[in-house]
Amino acid sequence: MKTGKNRPLDADEVEFLESVEAKRRKVEEGRRAEEEAQVLAFQLAREQVVQKSSKVSNFGLGDPLTSLKKKKSIGTKFAVRPKATIIAKPKEESAPKPQGLAGLVAYDSSSED
């Protein structure tokens, strides 16, 4: 049998790892079930609030969407212009800046002092 880092697992070690994995799965299943119950409770509470608010907002006059469809406009027409965009122009430089050693040329001994 091999010894060292890459040896096969013993039966006891396999059993231990399987029990650890089973415990982890149980904990994960519990968390998943709890989260699902909380989501369902939230959705139910939200639906109840929406139903209560719709009853209060339309004062029992029926579906608010159908009443909006029945209303006619008063005939006012207007046009919406798109917002003007401002394009920035690049600034012009007065003299190009030398890069690297390009500024060191043209120094000779014949220049006047």
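What to note about this one:
- Qualifying residue in the stretch 33-56 (condition: modelled with pLDDT under 85 and loosely packed, with under 10 Cβ neighbours inside 10 Å): yes
- Within the stretch 1-17, the residues that satisfy the criterion of being assigned to a helix (DSSP H, G or I) and either exposed (fewer than 10 other Cβ atoms within 10 Å of the Cβ) or in contact with a Lys or Arg (Cβ under 6 Å, 6 or more places away or on another chain) (or both) are A11, D12.
The values are calculated or read from the model by the stated rules, or taken from the named source; none is laboratory data. Predicted model, so just to flag it, every value in this text is computed and none were measured. Cβ coordinates were reconstructed from backbone atoms using ideal geometry, including for glycine residues, and neighbour counts include every protein chain displayed.
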